[in-house]
Structure formats: structure tokens, C-alpha cells
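Shown next, in C-alpha cells, is the structure this report addresses.
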């Protein structure tokens, strides 16, 4: 019965380990998907903020055009038509950008509002053009009479009202995006907490199984020793041998209990690492008696290593621990060196020692910008060299990122949302900094960032 029970114990250990690893990987995948949802929400929020800026810019341009037209009709001086003529192509550009942003955000209400605003602006520009044409045909008095009818003012009032409506819609979208972001963060937090709790319970279950198996084996050995003593009780030397064996077994048992207690006390700091050590220990014990089980435990140990690597990677996107522990310079060196080494790139870092310390929001912004830039280089640039400069001055901190890749075409630079440019720009804008990106086809790309710092 002892021989039949022995193989069952390793299986009792392996099964919960494998199930636990599968569950942990599933939770990690869940967290990764949540992180991707956060990235998408951030892009939508950035587009909504840019939409608001474009709305105010468009309204201002229409007012400039109207002011220039009115000044010309009142004075007859050609210089008043300069702001009118300058505003027309800009209005066309901002109108196109508004329609693109409305499509990017994707709500039917916002798209309809953008269409109505486009029609209103077109109507007002047509009115101004008709008034100027009437000035040329019929003279100033007739044109002024038409202007004084108030048609243009009513159209402008409609434009202002439509802009106000779209700004309100944008605020609503931003609030919804912020709420969704908060919900997603809560879900991720719950998922990570569940992963931690599950791992703790798994470790406790494995420890209990190992402990039970150890006690069972010790009890079986003691039973056999007692049986031998009973059968060979008449032989004094055999009795002494068995007594010595019994004492040895007791010592081994106490040493084993002490080792287990020490390992549990010293190694509970890292749950997944502790699980790996338990699996490795069990594999060594079974290597001579059950090679198949030992092999399966070795595979389980490799899976735990993979789980540790995945857990460490997700922890580092959301928030890099090197920033908190060692500062921006060490974090950038770890990020750039590691990424370039994996991608086969040559990296050069010029990090100003005076850059430390930086406010947490400035540090994370610089880290994420370099992270996004490295991602673009690896995916698209076909570069050989990467140079990162970080300089602190009296007014703030400056970051320059350069590569010698294929560069960005004009279409990519015109598209403010391409290659993560919108995310970089938004991070800098939120800190009241300056952002520029220049790319020449065949000559690489340069990103310049300057973030102001409050005076100490």
C-alpha cells in the first residue's frame, strides 16, 4: 500500500502548481489587455483635448476674417483685407483637422456637430465674399447697407453657439473617458490583487502537501523501523542498530523541520521565487526515484520563470521601479541599453548628473517619451545608432533623442497622431513644456523636449 501511495504524492503537488501557473498567466494576460485599454483611452482623451483647441482656433480665424472684411468696407483700405485673405486657407486647414478629430473620436453626435459647424462657417464666408463682390460692383454704400442688415452677425452667433455646443460635447467625452479610465484601473488593480492572493494560497497549498508527504514518509519509515525491532528483538546488536537508526531518523526529521521553517521564514518575501525554489527542491528529491515526475517539475520550474518574467515586464509600462529607487538617469540607461542591445543597435547616452533629482511627473514623462521613441525606432526606423541627451539648465530639463534611420515622411509629421507622437506631445503639453520632432527621409529623426522646473 505504501508503494502505491508514493507516486500519488508528487502528482498532488504538480497538479496545483500547473493549475496555479495557468491561472497566474491568465491573470497577467488580463492585466495586459487592461493596459492596452488604458492606452486607447489616453489617445481618445488627447484627441478630445486637441479638438477643443482646434474649435477655439477656428472661431478666432473666422472672427479675424470678419474683422478684416468689416475694416475694408468701412475704410476702403486694402491692407484691411490682409487678415481676411490670410484667414481663409487657415480656416480650411482647421476645418479639415476638426473633421478628422471628430472621426477619430467616433461619436455620431460630434461628427454631426462638426458637419453643421462646417456648413455655418461656409455660409459666413460666402456672405463675406458676396459683400465684397457687391462692393466691387455697386460701391461701398450698397455693401455697407447689406452688412448692416445683421445677417452676418446672426450667422456668427450661430457659429459661436455651435462651437460652445461642441466644446460641451468634448467635455462630456473627456469626462466619460476619465471615468472609463478609472474603471479600467480599478479592474487591473483587482486583477493584480487576485493574482497575488491566488499565488499566496497556491504556495500555502503546496507547502501543506509537501509537509504532509514528508510526515507520511517519516511515519512510514518509523513504522518499518518499529516492525524490524519487533521482529528482531532477540538480537541485541540489531536492537542497538535499530535504536541508532531511530535516533538518526528523529534527527533528520528535526533538521528537515528546521530547514523548512527557515526557508519559509527567509523566502516568503518573493512568492513566485519561493514557489520556484520549492519545485526545484522537490525535483532534486525525486530525481533518483521518479525521473518522470522530476522532469515535469523541471518544466513547471521553467513555467514559473516565464511567469516571473511576464510579471516583471507588466509591472515596469504602467510604472518603472528604477525611477523611484535610482532616478531618471539610471532608469534611462537601463531602458536604452537594454532595448538597443536586444535590437542590435548602438546606443550613446549623455546624461547630465545635475538632472537629479526631478519631480516624479517630470521623470515619468521623460521615461515614457524615450520608451515610445525606442519602440518607434525598433519597429519602423531601420536605424543603426541611437543618441540620448539629458541636460539640466536653470529653466528646466531638456531631452534630445536622435536616430540615423529612414526618418519620418512629411505625411507622418503632418499626422499628429502617428507613431505615438500625440502621446509624447500630450505628456509635454501637460507639463507646460515644449515638444518638437523633425524627420528627414533617409537621415533619421530628432525629438526635442524641454520641460520647465519650478525654482527651488
Just rank 123, 168, fewest to most, by other beta-carbon atoms within 10 angstrom.
168, 123
Can you tell me how region 320-452 classifies by the Cα gyration tensor, rounded, prolate or oblate, using a/c under 1.5 as the rounded cut?
oblate
Below 8 Å between Cα atoms, with a sequence gap of 6+, how large is the relative contact order for region 320-452 in percent?
22 percent
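Classify region 68-138: rounded, prolate or oblate, from the alpha-carbon gyration tensor (a ≥ b ≥ c, eigenvalue square roots; a/c under 1.5 rounded; otherwise prolate if a/b is larger than b/c)?
Working: a/c = 4.41, a/b = 2.47, b/c = 1.79.
Verdict is prolate for region 68-138.
Values quoted throughout were computed directly from the atomic coordinates according to the rules given, and no laboratory measurement underlies them. Bear in mind that the values here come from a model prediction, so they are computed numbers and not experimental data. As a convention, Cβ positions derive from the backbone with ideal geometry for all residues, glycine included, and neighbour counts pool all protein chains shown.
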